[in-house]
Amino acid sequence: MKRVVALLSVLAFLAVGLSAQSGRWRLVRAEYGAGNAWMDVTGRVRSLINAGKLNIRADNATLGGDPAVGARKTLRLRVRDDAGHERMLTFREKEIVELSLSAGEQERDHDRDRDRDRGRLRITRASYGSGGRALDVTDLLNSRIEGDRLSLPINNNTMGGDPAYETRKTLTVWYSYDGSDLRTSVDEGGTLNIAPGGESSRGESFRNESPRIESPRDERSLQILRADYGADNRFADVTSLLSSRIRDGRLSLPVNNDTMGGDPADEHRKTLSVWYLEDGRPANVVVNEGGYLNLPAERDQFSGNLRIMRAQYGADFRYVDVTDRLNALIQGDQLRLRVNNDSMGGDPATDRHKELTVVYIFNGQQFRTRVNEKDVLNIPGANDRAADFSAEPLRILRATYGFGDQRVDVTARVGAMVNGDHLQFQVSNASLGGDPAIGQHKRLRVVYLWHGIRYETSAPEHGTLAIP
């Protein structure tokens, strides 16, 4: 029924356009939200127009965030034809939007040429948000340049919306001045100042760097050691995301796919497991999807000093989580056993030699060890390494795209888009090499290795995949 309503809206729009005989329509502005909470998604919607067609689902994942949590949102598209006539189209949240529409590139290029004529300062790219949830505010900042200067406070109002609810956001700006390429970043609540000569509040030169938003650090007594969000064996690492939201030694936020940055196990009820230090004392808390995380919480008073934080047994992308199994075998702050299919509870990869990876906490410090199948696990061990995984790059182990049983392997294609330890791109038939299920709303599923641990995540067609 929702699809029918959306199609009727489109047909009504096309009828008006034909009666006016006003030529093709171009996107002028796109907004997503409800009530007084709206965010500018013009750049995002423009990027989803392919060969003069816009075919998307109006939802938080596709449009890059939830500007009005708990409210039924609307996507508003303002379009203009060659004669200058304008129309406003509206689509309710979760409706399918199908339009013949131009991205308005000629108009945008004209505006940028005009900006260049005004002076030597030009914003080449600007992004406001946190992690993979961000708004493109390039055009907005270019419109605020006056006399080769740009100065404005950084908040949700000046940036046109809130792309990452209850998250401390960052504005990252790439700009050029007199032929020099520069970059600056300003945290939410600060002030952006770019002055003549390319000087800014935190300006720096860069060469061929991959744009990304860094998570702000908090040095207070609350420290997130490890945070996983998911169900069964399908978990995503949300450690950095939660660390970025600590305020004055506390962390409070609802637990859902939007606040956790995505859905690693669609159609499953998920949990958030957080290991943290409060004034140097280790603690663990588990919150179900739909619940609320409040840290510091009443600590998990586990006995002893040893606890398994994450344990996986398998090979390549085939593995099982054996965290609970190993925790049940700890005796006197020690764990010793031979690693094989029997002790691990099954064989996740029958044709491969497997490995057990264990991340554990002992006396308030994280450690990691790896043990080959048929060898003996003995922890704590004298040769175990402190859990610093920063030197291990992001690896895509398996990626499939499609709907139901109509899926294709896109591992190599997704792996080729990894840039160092970061991956972010728009999920579409074009980016993934074709349409394996024509007429169906598809999903990308990815198994990846991050900091020595296997994780899973997924993103819908027309949504954004961001790892980590």
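The values are calculated or read from the model by the stated rules, or taken from the named source; none is laboratory data. As the structure is a prediction and not an experimental result, all values here were calculated from the model. Positions of Cβ are backbone-derived with ideal geometry, glycine not excepted, and every protein chain shown enters the neighbour counts.
Filter region 389-406 down to the residues that are of a type in the set (A, V, I, L, M, F, W, C), surrounded by 13 or more Cβ atoms within 10 Å (Cβ to Cβ) and in a loop (DSSP other than H, G, I, E, B), then identify the one that is modelled with the lowest pLDDT.
Across region 389-406, the extreme among qualifying residues is Phe389.
One line per residue, one yes/no per condition, for (1) in the same structural domain as Ala34 (by TED's automatic domain parsing); (2) over 30 Å from Leu432 (Cβ atoms); (3) at pLDDT 85 or above; (4) surrounded by 16 or more Cβ atoms within 10 Å (Cβ to Cβ):
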| residue | (1), (2), (3), (4) |
| --- | --- |
| Pro67 | yes, no, no, yes |
| Ala71 | yes, yes, no, no |
| Thr74 | yes, no, yes, yes |
| Met88 | yes, yes, no, no |
| Glu93 | yes, no, yes, yes |
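Can we say Gly262 is small (Gly, Ala, Ser) and in contact (Cβ under 8 Å) with a residue 40 or more places away in the chain?
yes
Please verify whether Val322 is β-branched (Val, Ile, Thr), closer than 22 Å to His451 by Cβ and in contact with a helix residue (DSSP H, G or I) (Cβ under 6 Å, 6 or more places away or on another chain), treating the condition exactly as stated.
When the stated conditions are applied, Val322 passes them.
Residues in region 317-335: is at least one assigned by TED's automatic domain parsing to the domain that holds Asn363, aliphatic (A, V, I, L, M) and under 30 Å from the mean Cα position of the chain (by Cα)?
yes
Of everything in region 237-259 that's touching a helix residue (DSSP H, G or I) at 6+ places or on another chain (Cβ under 9 Å) and surrounded by 20 or more Cβ atoms within 10 Å (Cβ to Cβ), which residue is nearest to Val274 (Cα to Cα)?
Residue satisfying both the conditions and the ranking: Leu251.
Are any residues in region 253-278 among the small types (Gly, Ala, Ser) and at pLDDT 80 or above, and if so, which ones?
Hit for region 253-278 is Ser273, nothing else.
For the structure I just gave you, tell me whether Leu63 is at pLDDT 80 or above and under 23 Å from Lys169 (Cβ atoms).
Considered against the rule, which asks whether it is at pLDDT 80 or above and under 23 Å from Lys169 (Cβ atoms), Leu63 comes out as yes.
From Phe362, Phe367, grab the single residue that is in the same structural domain as Asp316 (by TED's automatic domain parsing), of a type in the set (Phe, Trp, Tyr) and closer than 22 Å to Val320 by Cβ.
Only one candidate passes the filter, namely Phe367.
Which residue is modelled with the highest pLDDT, if the candidates are limited to region 13-28 and must be within 19 Å of Glu98 (Cα to Cα) and surrounded by fewer than 17 Cβ atoms within 10 Å (Cβ to Cβ)?
Here the residue is Val28.
State whether the residues of region 374-386 include one that is closer than 19 Å to Asp59 by Cβ and either buried (at least 20 other Cβ atoms within 10 Å of the Cβ) or modelled with pLDDT of 85 or more (or both).
No: region 374-386 contains no residue that is closer than 19 Å to Asp59 by Cβ and either buried (at least 20 other Cβ atoms within 10 Å of the Cβ) or modelled with pLDDT of 85 or more (or both).
Can you name every one of the strands (runs of 3 or more DSSP E) wholly within region 409-468 that holds 2 or more residues which are farther than 19 Å from Leu63 by Cα and in contact (Cβ under 8 Å) with a residue 24 or more places away in the chain?
In region 409-468, the matching strands (runs of 3 or more DSSP E) lie at 443-450, 453-460.
Taking region 52-86 on its own, how many of its residues are part of a loop (DSSP other than H, G, I, E, B) and of a type in the set (A, V, I, L, M, F, W, C)?
Summing the residues that are part of a loop (DSSP other than H, G, I, E, B) and of a type in the set (A, V, I, L, M, F, W, C) in region 52-86 gives 5.
Go through region 306-337 and count every residue that is surrounded by fewer than 21 Cβ atoms within 10 Å (Cβ to Cβ) and not in a strand (DSSP E or B).
Adding up the residues that qualify gives 11.
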